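The numbers here are math on the coordinates, done by the rules we state, and not lab data. Computed from a prediction, not measured in an experiment: that's the story for all the values here. FYI the Cβ positions are ideal-geometry reconstructions off the backbone, even for glycines, and counts take in every protein chain you see.
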Amino acid sequence: MGRLALLVIIVVLIAVVIYLWRSRRKPSSDAASSTTSSSSAPKDPFAGVAEIHGDPTTLKAGDMLDFGTERSWIRGTLRLSEGGSVWAEHFLEVDEGRRWLSVEEDPDVQMVLWTGRPELELTPHSDTIELEGVRYRLVERGTATYRSEGTTGLRSQGGMDYADYEGPDGKHLAFERFDHGGWEASLGTSLNEGDFTIYPGS
């Protein structure tokens with residue numbers, strides 16, 4: 001009788017050890033459901049970048065700009081240089097017309113949002129120009145080379161002439177002439193880095 005009791009105890013101990021061993025290898029149902037839930041839960045594609053405004057000096061084709069009430073994608077970029085100066089013009093996706101963002105470090109970052117005005121029959125013929133009740137004065141004129149990225153409507157590289165005018169309250173008037181073509185007039189407004197958020201493209 002004592003030998004039978006000992007055998008029963010041994011069998012029970014073996015069963016307990018096997019149960020405990022299997023229990024340690026099998027994850028709990030809560031942990032498994034948590035893992036499944038976290039892996040299948042929808043994720044914000046802009047997570048990690050929405051809290052910052054981004055670096056405008058690193059903009060490129062494919063990046064998205066969020067102005068708060070409007071979002072626009074950069075379709076192409078011109079990289080311009082004149083002597084030791086370099087700057088960029090980023091062409092934006094819009095329904096009508098042409099818009100672009102110029103970014104230059106001089107030495108602080110200077111940004112202007114431009115709208116093309118092809119209907120204006122103007123040329124940079126004088127030091128001051130009055131347009132739509134605003135007087136602009138010439139601040140810079142020169143010739144630069146450009147390199148094209150993405151969709152810009154221009155060749156892969158070439159040359160351009162420009163004349164920049166400034167008005168009051170951050171208003172700008174610019175003239176550009178690419179590859180010896182005709183002058184193109186544009187009106188612009190100064191922007192600060194906090195005026196939009198950058199979502200880098202892939």
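Observations, loosely collected:
- Backbone HN-Hα couplings from phi across the range 67-77 [Karplus 6.51/-1.76/1.60, Hz, Gly and Pro as x]: 8, x, 9, 8, 10, 9, 9, 7, 8, x, 9
- A full extension of the chain between D169 and E82 corresponds to an added length of 28.6 nm, given 0.36 nm per residue minus the alpha carbon distance.
- Looking at the range 110-202, the trypsin sites (Lys or Arg not before Pro) that sit in a DSSP loop and have at most 14 other Cβ atoms within 10 Å of their own Cβ are R155.
- Values of log10 I(q)/I(0), in the order q = 0.12, 0.13, 0.15 Å⁻¹, for the range 69-202 under a Debye, Cα-only, solvent-free model: -0.47, -0.55, -0.75
- Estimated at 0.36 nm per residue, the fully extended path between E119 and Y199 surpasses their Cα-Cα distance by 25.5 nm.
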